[in-house]
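First the structure, in the form of structure tokens, and then the observations on it.
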Amino acid sequence: MTSQSLVRRASFRDGSVAQPELLTPQTQESKIIDKFYPSAGLATSGYRCTKYSPEEWTENNDALLLQAANDRDEAQKVRHESKETQMETESVTLRRQADGTRHLGHRLQDIHFWKSELQQHIDQTAAATGSLVALKRRLEKALDASETPFRIAADNLAWRERRLGPDLVKDNVDEELLKVQSDRGRRHPAVWALISEVELIRNVQSLLRRTLTQTIDQIRANREAKKTLELDWSDKRQAYSTDDQCGRYTNGSQDTQQHLSSAKLQLHVSDRVTWARFTQDNLAQAQRELRASAELQLLCERVLQETAEDLQAQCAAVDAAFAHRCQEVSEAKVAMELHLTQILEQIGAQERNIAMLQQALRDKEAPQRVTQTRLHQRAQRPNVELCQDEPQLSLVAEAGEIECAVESLQRRLAESQRSLRHLEDTRMALEKATATKTHSLLVDREMCMSHRDRYPTASTLAGY
């Protein structure tokens, strides 16, 4: 067997036979060396088994020397570039840190400016709110004081409602108590369109309530604006403290630490423009509330003064009307008796008229039944015979005329009965004319005019 076809077989523990392996001269030499030097396999792992040539040895040495020179040059280059990078980053870091400190100083100035503006408006808003609270108490006192004139006027009306018969009339006193008079109170034509005592007091109370509501709303708005300013001021105070502390940090500070995620820009935060605009909007809202408060204070003062003057003037007018009315009642006492005879005649005539109308209504019942029966029977006609012919149209018209006649008679009957009731009431009033006039004078002089002596003064009506 030649060296080109030398084949070695190996047997495994399980009895199987390995595939034949072709051995070349180099592998054969390696096997021989492994036989005599069993430890040489691990030591020479990765090396060729044949010897190098001198040219290869020289080339290997030159390559190692060249690689060493290249690595040395590369290391020097890296050290030089690292030093330049260190110096450049140091300069940039110090410059950036100085810029950050300077920007923090500017930011502190801006925060201090807006914080001072907020504090000034907070003080102004608090002062305006205090003035409105004092006016609110005056309005409440004036509203409470207006209840006395209203009760007096209501009592006057209630007593005058007890007048009997024809004396229960809308006389000059009622005109001052209830009537619309548009020639007075022209200072507020939109408010004082009704210048009667009751209506005046009601309008005064309504105006005082509206003004009080506006005052309460304005106080609430001022407090909301003040709360908004205080929250903004508190945020700026905290931000000022935070930025002031940040500005004091140096590279030698012991209380600094790393926060890796702090350099990321936060989403949904304000920028410089929206930050300044937020405070400006708050200050503008506070200024609007201050202007509204000043206007409301002037309005409250004018309302309190003019309502007190109007109530006093109306009180004098009502007193004069009472005195005039008492004189008129005394003069009319005898004149009422002359009309009693005429009223009795009218009562008799009206009773006869009512009897005539009732008989006429009874006379319309039979024709109405006939017409309605005919229409009901004709409505039972079969199929095409159910026709709107001339008899049908005539019957429908007849039924309508009868219904109109009945309605007309019923209206006349209701009017006549109402007229009769009025006549009866007037007759009873005329029969009691003397007692009624005496009672009316008692109501006006003793019950109403004496009660009006408790009318409040102008200062009380003004809320003092």
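The single condition among (1) closer than 30 Å to LEU423 by Cβ; (2) surrounded by 17 or more Cβ atoms within 10 Å (Cβ to Cβ) that LEU338 does not meet is (2). Residues of the stretch 354-365 that are farther than 13 Å from LEU420 by Cα, in contact (Cβ under 8 Å) with a residue 12 or more places away in the chain and assigned to a helix (DSSP H, G or I): LEU357, GLN358, ALA360, LEU361.
Take the conditions in contact with a Leu (Cβ under 9 Å, 6 or more places away or on another chain), in a helix (DSSP H, G or I) and more than 19 Å from ALA433 (Cα to Cα) and apply them to GLU351. Does it pass? Yes. Quick check: is even one residue across the stretch 379-389 basic (Lys, Arg) and either part of a helix (DSSP H, G or I) or open to solvent by 80 Å² or more (accessible area, probe 1.4 Å) (or both)? Within the stretch 379-389, none of the residues are basic (Lys, Arg) and either part of a helix (DSSP H, G or I) or open to solvent by 80 Å² or more (accessible area, probe 1.4 Å) (or both).
Inclusion of GLN76 among residues that are part of a helix (DSSP H, G or I) and within 30 Å of CYS246 (Cα to Cα) is not warranted. Of all residues in the stretch 88-103, none that is charged (D, E, K, R) and loosely packed, with under 10 Cβ neighbours inside 10 Å has its Cβ atom under 8 Å from the Cβ atom of a residue that is at pLDDT 85 or above and not in a helix (DSSP H, G or I), 6 or more apart or on another chain. Taken together, the residues in the stretch 167-187 that are assigned to a loop (DSSP other than H, G, I, E, B), aliphatic (A, V, I, L, M) and at pLDDT 80 or above amount to 2. Considering GLN368, GLN372, the condition of being touching a residue at least 12 places away in the same chain (Cβ under 8 Å), open to solvent by 60 Å² or more (accessible area, probe 1.4 Å) and over 30 Å from GLU424 (Cα atoms) is satisfied by GLN372 alone.
For the stretch 139-174, the candidate set comprises residues that are open to solvent by less than 40 Å² (accessible area, probe 1.4 Å) and among the basic types (Lys, Arg); within that set, the residue that is nearest to ALA225 (Cα to Cα) is ARG160.
Does LEU200 count as open to solvent by 30 Å² or more (accessible area, probe 1.4 Å), aliphatic (A, V, I, L, M), in contact with a helix residue (DSSP H, G or I) (Cβ under 7 Å, 6 or more places away or on another chain) and at pLDDT below 85?
The answer is no for LEU200.
No other residue among THR274, THR250 is modelled with pLDDT under 90 and closer than 30 Å to ALA127 by Cα apart from THR274.
Determine whether GLU446 is open to solvent by 90 Å² or more (accessible area, probe 1.4 Å) and under 30 Å from ILE152 (Cβ atoms).
In short, yes.
Within the stretch 111-129, not a single residue is over 14 Å from GLU230 (Cβ atoms), acidic (Asp, Glu) and open to solvent by 40 Å² or more (accessible area, probe 1.4 Å). Contact map, the stretch 323-351: residues that are touching a residue at least 40 places away in the same chain (Cβ under 8 Å) and more than 14 Å from ASP425 (Cα to Cα) paired with residues that are open to solvent by 70 Å² or more (accessible area, probe 1.4 Å) and among the basic types (Lys, Arg), Cβ distance under 6 Å, separation 6+ or inter-chain. Pairs shown: CYS326/ARG445. Take ARG138 and tell me if it is part of a helix (DSSP H, G or I) and over 30 Å from GLY463 (Cα atoms). Here the answer is no, as ARG138 does not meet what is asked. On inspection, ARG362 does not qualify as of a type outside the set (Val, Ile, Thr), at pLDDT below 85 and farther than 30 Å from LYS136 by Cα.
The values are calculated or read from the model by the stated rules, or taken from the named source; none is laboratory data. If you're wondering where the values come from, they're calculated on a predicted model, not measured in any experiment. All Cβ positions, even for glycine, are placed from backbone atoms using ideal geometry, and neighbour counts span all protein chains on display. These area figures cover heavy atoms from the full protein model, side chains too; ligands, DNA and RNA do not enter into them. Shrake-Rupley method; radii C 1.70, N 1.55, O 1.52, S 1.80 Å.
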